[in-house]
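The values are calculated or read from the model by the stated rules, or taken from the named source; none is laboratory data. As the structure is a computational prediction, the values presented were derived from the model and not from experiment. Here Cβ is always computed from backbone atoms with ideal geometry, including for glycine, and neighbour counts include all displayed protein chains. We work out accessible area using only protein heavy atoms, side chains counted, and drop any ligands, DNA or RNA first. Shrake-Rupley method; radii C 1.70, N 1.55, O 1.52, S 1.80 Å.
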Amino acid sequence: MAVAKLWTIQWHIAADGTVIKQRSRGNAEHEQLFQQYATTRTPTIEEIDTLEDRLQRSSASGNRLSKVFLYLFYAACAGFVLGIVLPWIGIDTGFLALGSLIFVVLASMSTGVILRMSISRHQRAFRDAGFESPNGVTLAAREARVMIADPGAVSGREFAAVRA
């Protein structure tokens, strides 16, 4: 059984100022994805590497928060079920069902707010680094490789990708 290669991310600035994000899991053309980004100014490679660091820290923090939130949601659902079932067998649970239900409803409503805040923070990070938008346009691998290989092009450091 073959072991899957991990994806990496590397940013490049072509000689003409074009910003390119490369996702790779090997050297073959089919193992690389390239995106071109529109910018409001030409950022430095250090700014882009800082952006990638910031995005990865934010993603890791958001994943941890999501897991905690999800476990609390599960606990509240279990509390709601227990609050309904336990009185049937004679155990007084007080306001367990009502309190759990209120938490489930509030948690469900707050997920939209949390998601919008996360998206806004993500977009702001790109704008602060000089990007028009966090959305890149797919670039053909051959074209991207030519742009990256041109004299005057600079490449940032490689990052382990959270996902492709």
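Quick grid of which residues meet (1) more than 14 Å from L139 (Cα to Cα); (2) free of Cβ contacts under 8 Å to residues at least 24 places away in the same chain; (3) in contact with a His (Cβ under 9 Å, 6 or more places away or on another chain):
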site	(1), (2), (3)
T8	yes, no, no
G17	yes, no, no
Q22	no, no, yes
G26	yes, yes, no
E29	no, no, no
T39	yes, no, no
R54	yes, no, no
Problem set entry | Selection status of A38, in contact with an Asp or Glu (Cβ under 7 Å, 6 or more places away or on another chain), small (G, A, S), surrounded by fewer than 19 Cβ atoms within 10 Å (Cβ to Cβ) and under 19 Å from R124 (Cβ atoms) | yes
For this session: Any chance you could count how many residues in the stretch 24-52 are more than 15 Å from P134 (Cα to Cα), at pLDDT 90 or above and charged (D, E, K, R)?
Result: 1
Seminar exercise, completed: Those residues of the stretch 121-137 which are part of a strand (DSSP E or B) and surrounded by 12 or more Cβ atoms within 10 Å (Cβ to Cβ) amount to F131
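Being open to solvent by less than 80 Å² (accessible area, probe 1.4 Å), touching a residue at least 12 places away in the same chain (Cβ under 8 Å) and either hydrophobic (A, V, I, L, M, F, W, C) or closer than 22 Å to R23 by Cα (or both) is true for just one of S59, S118, S100. Which residue is that? Reasoning before the result, please.
On the way: S118 fails: either hydrophobic (A, V, I, L, M, F, W, C) or closer than 22 Å to R23 by Cα (or both); S100 fails: either hydrophobic (A, V, I, L, M, F, W, C) or closer than 22 Å to R23 by Cα (or both).
Going through S59, S118, S100 in turn, the sole match is S59.
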Problem set entry | Output for the stretch 86-107, where each listed residue is among the small types (G, A, S) and within 10 Å of A76 (Cβ to Cβ) | G99, S100, A107
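Among the listed residues A140, A107, A149, A160, which satisfies the condition of being small (G, A, S) and surrounded by 12 or more Cβ atoms within 10 Å (Cβ to Cβ)? Give the steps one after another, and end with the answer.
On the way: A140 fails: surrounded by 12 or more Cβ atoms within 10 Å (Cβ to Cβ); A149 fails: surrounded by 12 or more Cβ atoms within 10 Å (Cβ to Cβ); A160 fails: surrounded by 12 or more Cβ atoms within 10 Å (Cβ to Cβ).
On inspection, the qualifying residue turns out to be A107.
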Exercise. When you go through L65, L33 one by one, which is the residue that is under 20 Å from L6 (Cα atoms) and either of a type in the set (A, V, I, L, M) or without any contact (Cβ under 8 Å) to a residue 40 or more places away in the chain (or both)?
Worked result: L33
